[in-house]
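Peer 1: I am attaching a structure below and will ask some questions about it afterwards.
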Amino acid sequence: MRKAWVVATTAVGAGAAFMMALVVGVYLVGGNVAGGVGGAGRALAKGAVPAAYQTLVAKWGNLCPAINPALLAAQLYQESGFNPRAQSPAAAQGIAQFIPGTWATHGIDGDGDGDRDVWDPNDAIPSAASYDCQLASYVKDVPGDITENMLASYNAGAYAVIKYGGVPPYKETQNYVRIITTLEESFAAPVSRVDPSKQAAGAIYFAQKKLGTPYLWGGNGTADQGGRFDCSGLTKAAYESVGITLPRVANDQYNAGPHPKRSELLPGDLVFFSTDLNNSRAIHHVGMYVGGGYMIDAPYTGAVIRFDPIDTAEYFGATRVTEDGAKALPTAV
């Protein structure tokens, strides 16, 4: 949840003309600084994995060529939201959501303490990586991308991948491969500048029209709430206005795309704030960057939607929202 926090109030003398200049300039700026999307980075993005699991994911994510730390992180997030006590109605258990039969066969003693505990991330995360690599070995001679074939095997079984000579024509399996490889981008540290979102200008336009609106905890801007928002309600509504559906809470919105550096921010990027700068799950506030070191945000109870500086001690990082990234996010983690 969001912690009440106070930042220095800026002079909100910037008018609509300033905002419209920003909106019009999104693509001009983007064209100057965004060199296109390069190959996916393999190192983990800052704080994308909770600190308690960072070392495990970084180590075991390099177990074989078919996986990498960002891909392994994407799987864990998709399966459990990094919750080591997660349990599904289908009896899948732990941070990696192993069903008992699969765990009995593929669970390993990752920390060498003499047991294999599906509820212990020190065993479950290494087991997830080991299982991925075993699946990759089963389909190593199948044409196509080894990682995509591994993911398809995880979802549909290695036999189906071998039978069809690649990702089988099952909608569920094809969606699973697409989701994990897309989420991988949001857990990877970019190796080059990333393109500006085509919808960024429209999202800014929506947010700037809400300036001066009183904050409401849990506010989604509905009529019964008087059109009021909280921080993530505002960013969700802004991107929804241009056809992109984000998760409701800030720490899940962080995974809706790649993460530009502070020096690479463009108008429309979401900027995040956390009490733990090594853990994206501790994010408690989000705003929308508008340029010049400022964001539009709904700060806290008693305040109004306004411009605030982003450079505070709790600045965590940013996300350049992409349509595919938002679609890949699970509805609940």
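The values are calculated or read from the model by the stated rules, or taken from the named source; none is laboratory data. Quick caveat, the model's predicted, so the values are computed rather than measured. Because the Cβ atoms are built from the backbone with ideal geometry, glycine has one as well, and the counts that use them run over all protein chains shown. Accessible surface areas use protein heavy atoms only, side chains included; no ligands, DNA or RNA. Shrake-Rupley method; radii C 1.70, N 1.55, O 1.52, S 1.80 Å.
Peer 1: Just to be sure, is VAL249 open to solvent by less than 40 Å² (accessible area, probe 1.4 Å) and either in contact with an Asp or Glu (Cβ under 8 Å, 6 or more places away or on another chain) or among the aliphatic types (A, V, I, L, M) (or both)? Let's see the steps before the verdict.
Peer 2: Working: open to solvent by less than 40 Å² (accessible area, probe 1.4 Å): no; either in contact with an Asp or Glu (Cβ under 8 Å, 6 or more places away or on another chain) or among the aliphatic types (A, V, I, L, M) (or both): yes.
No: the conditions fail for VAL249.
Peer 1: Would you pick out the residues in the range 109-139 that are part of a loop (DSSP other than H, G, I, E, B) and closer than 28 Å to LYS163 by Cβ? Explain how you work it out, then say what you get.
Peer 2: Restricting attention to the range 109-139, the residues satisfying the condition of being part of a loop (DSSP other than H, G, I, E, B) are 109-120, 139.
Correct list: VAL139 only.
Peer 1: What do you reckon, is GLU172 of a type in the set (Asp, Glu), assigned to a helix (DSSP H, G or I) and closer than 19 Å to ASN62 by Cβ? Outline the logic, then answer.
Peer 2: Working: of a type in the set (Asp, Glu): yes; assigned to a helix (DSSP H, G or I): yes; closer than 19 Å to ASN62 by Cβ: no.
Criteria not met by GLU172.
Peer 1: Can you tell me which residue is nearest to GLN54 (Cα to Cα) among those in the range 75-120 that are open to solvent by 20 Å² or more (accessible area, probe 1.4 Å) and aromatic (Phe, Trp, Tyr)?
Peer 2: From the range 75-120, those open to solvent by 20 Å² or more (accessible area, probe 1.4 Å) are 78-79, 83-85, 87-91, 93, 97, 99-106, 108-117, 119-120; that's our starting set.
With the extra rule that they be aromatic (Phe, Trp, Tyr), the set shrinks to 103, 119.
Working: TRP103: 22, TRP119: 17 Å.
Per the stated criteria, the residue is TRP119.
Peer 1: Could you say whether any residue in the range 306-316 is among the hydrophobic types (A, V, I, L, M, F, W, C), open to solvent by 30 Å² or more (accessible area, probe 1.4 Å) and under 20 Å from the mean Cα position of the chain (by Cα)?
Peer 2: Of all residues in the range 306-316, those among the hydrophobic types (A, V, I, L, M, F, W, C) come to 307, 310, 313, 316.
Now drop any that are not open to solvent by 30 Å² or more (accessible area, probe 1.4 Å), which leaves 313.
Checking the rest, the ones that are also under 20 Å from the mean Cα position of the chain (by Cα) come to none.
Looking for residues that are among the hydrophobic types (A, V, I, L, M, F, W, C), open to solvent by 30 Å² or more (accessible area, probe 1.4 Å) and under 20 Å from the mean Cα position of the chain (by Cα), one finds none in the range 306-316, hence no.
Peer 1: Of the residues that make up the range 175-183, is at least one open to solvent by less than 70 Å² (accessible area, probe 1.4 Å), touching a helix residue (DSSP H, G or I) at 6+ places or on another chain (Cβ under 9 Å) and aromatic (Phe, Trp, Tyr)?
Peer 2: Within the range 175-183 (the criterion being open to solvent by less than 70 Å² (accessible area, probe 1.4 Å), touching a helix residue (DSSP H, G or I) at 6+ places or on another chain (Cβ under 9 Å) and aromatic (Phe, Trp, Tyr)), the answer is yes, since at least one residue qualifies.
Peer 1: Give TYR154, TYR205, TYR159 a once-over and let me know the one that is closer than 26 Å to ILE310 by Cβ, hydroxyl-bearing (Ser, Thr, Tyr), in a helix (DSSP H, G or I) and open to solvent by 20 Å² or more (accessible area, probe 1.4 Å).
Peer 2: On the way: TYR154 fails: closer than 26 Å to ILE310 by Cβ; TYR159 fails: closer than 26 Å to ILE310 by Cβ.
Testing whether each residue is closer than 26 Å to ILE310 by Cβ, hydroxyl-bearing (Ser, Thr, Tyr), in a helix (DSSP H, G or I) and open to solvent by 20 Å² or more (accessible area, probe 1.4 Å) leaves just TYR205.
Peer 1: Then there is this: Return the only residue of PHE307, PHE316 being farther than 20 Å from PHE229 by Cβ, touching a Ser or Thr at 6+ places or on another chain (Cβ under 6 Å) and at pLDDT 95 or above.
Peer 2: Step by step, each of PHE307, PHE316 is checked, and only PHE316 is farther than 20 Å from PHE229 by Cβ, touching a Ser or Thr at 6+ places or on another chain (Cβ under 6 Å) and at pLDDT 95 or above.
Peer 1: So ARG85 ticks every box in (1) on the phi > 0 side of the Ramachandran plot; (2) out of contact with any helix residue (DSSP H, G or I) (no Cβ under 9 Å at 6 or more places or on another chain); (3) not β-branched (Val, Ile, Thr) but one. Which box is left unticked?
Peer 2: Evaluating ARG85 over (1) on the phi > 0 side of the Ramachandran plot; (2) out of contact with any helix residue (DSSP H, G or I) (no Cβ under 9 Å at 6 or more places or on another chain); (3) not β-branched (Val, Ile, Thr) leaves (1) as the failure.
Peer 1: Of a type in the set (Asp, Glu) and surrounded by 16 or more Cβ atoms within 10 Å (Cβ to Cβ): does that describe ASP123?
Peer 2: Here the answer is yes, as ASP123 does meet what is asked.
Peer 1: Within the range 126-144, track down each residue that is charged (D, E, K, R) and open to solvent by 20 Å² or more (accessible area, probe 1.4 Å). Give the derivation first.
Peer 2: Filtering the range 126-144 for residues charged (D, E, K, R) gives 132, 140-141.
Scanning the range 126-144 gives LYS140, ASP141.
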